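Report on one structure; see the data block that follows.
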Amino acid sequence: MVRDFAEVSPDEVPGLPLTREKEFSIDLVPSARPVSVAPYRMASAELVELKGQLKDLLEKQLMQPSVSLWGAPVLLVKKKDGGSRLCDDYRQLSKLTIKNKYPLPRIDDLMDQLRGASVFSKIDLRSGYHQIKVKEGDIPKTVFRNRYGHYEYVVMPTNAPAVFMDYMNRIFRPFLDKFVVVFIDDILIYSRTPEEHGEHLRLVLEILKAKQLYAKLSKCVFWLDEVKFLGHVISVEGIVVDPAKVESVL
């Protein structure tokens, strides 16, 4: 079945996302004025990496050159796989922003829904924050500065859990508390029987296809009788805290 929805799991997010029911907005406190911070210094190797990532973002139309009065510095942060992630330092902008109060679900409430299920699939969305556009009037606030120029994002520049949680709840609302659990960009499909699971999985994949939301196949698992999700191990036998998480704390 997953092969029938190959377009849901491309190697990379193909480009600018759809205009969705939810956009990323940056609401400022009444006294806010544009803030611009000087770029950080970077080593030669970092500049090579930065230039490559800028080229990729521009080609995908996820950002564009800007003349905005706003400006945040940028840095590169190492990822677990050895690559580098482009991170914008929006601390000064954050001080002037009205925080989004949309609630994240309680993990224990989510776990309660899973009792009695025996078949599970888990889908991890790829670069979830790049799959939602910035509200047009707020695009100039996303500017980041570096030695190659000023650029502004047309998609969410960073992980905004409240915004993405709101959107995911909207599109999966008919399935929540029935056979789908969503936590930001992680989707868990749970069923009592294999027959039910085939139908449940198909419905979720159809939503992702229709909304052009993309999964990272290497982080997805399908048709399991035991699954790890949000720090727990879940099976028909019950739900326990993931031992690996306990060991990491100890």
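Within the set of pairs 6 or more residues apart or between chains, which connect a residue that is farther than 17 Å from Asp185 by Cβ and modelled with pLDDT under 95 inside segment 205-232 to a residue that is acidic (Asp, Glu) and not in a strand (DSSP E or B) with Cβ atoms less than 7 Å apart?
Listed pairs, sorted by first residue: His232/Asp242.
Does Val119 qualify as being hydrophobic (A, V, I, L, M, F, W, C), within 20 Å of Phe183 (Cβ to Cβ), at pLDDT 90 or above and in contact with a His (Cβ under 8 Å, 6 or more places away or on another chain)?
It is true that Val119 is hydrophobic (A, V, I, L, M, F, W, C), within 20 Å of Phe183 (Cβ to Cβ), at pLDDT 90 or above and in contact with a His (Cβ under 8 Å, 6 or more places away or on another chain).
Take segment 113-163 and flag every residue that is part of a loop (DSSP other than H, G, I, E, B), of a type in the set (S, T, N, Q) and farther than 30 Å from Arg202 by Cβ.
Thr158
Look at Arg126 and say whether it is touching a Ser or Thr at 6+ places or on another chain (Cβ under 9 Å), of a type outside the set (A, V, I, L, M, F, W, C) and either closer than 24 Å to Lys60 by Cα or modelled with pLDDT under 95 (or both).
Yes.
Would you call Val8 out of contact with any strand residue (DSSP E or B) (no Cβ under 6 Å at 6 or more places or on another chain), surrounded by 13 or more Cβ atoms within 10 Å (Cβ to Cβ), at pLDDT below 95 and hydrophobic (A, V, I, L, M, F, W, C)?
In short, no.
What are the pairs, 6+ residues apart or on separate chains, where a residue within segment 63-88 that is closer than 15 Å to Ala43 by Cα has its Cβ under 7 Å from a residue that is of a type in the set (S, T, N, Q) and not in a strand (DSSP E or B)?
Close Cβ pairs (under 7 Å, with a partner that is of a type in the set (S, T, N, Q) and not in a strand (DSSP E or B)) amount to Leu86/Gln53.
Specify the residue that is modelled with the highest pLDDT; the eligible residues are those in segment 62-112 that are part of a loop (DSSP other than H, G, I, E, B) and acidic (Asp, Glu).
Filtering first and then ranking leaves Asp89.
Could you list, in sequence order, all residues of segment 11-38 that are β-branched (Val, Ile, Thr) and at pLDDT below 85?
Hit for segment 11-38 is Val13, nothing else.
Within the bounds of segment 81-89, is there any residue that is surrounded by 13 or more Cβ atoms within 10 Å (Cβ to Cβ) and polar (S, T, N, Q)?
Yes; the residues of segment 81-89 include at least one that is surrounded by 13 or more Cβ atoms within 10 Å (Cβ to Cβ) and polar (S, T, N, Q).
The values are calculated or read from the model by the stated rules, or taken from the named source; none is laboratory data. Quick caveat: nothing in here was measured; it's all calculated off a predicted structure. No Cβ is skipped: glycine too gets one built from the backbone with ideal geometry, and neighbour counts run over all protein chains shown.
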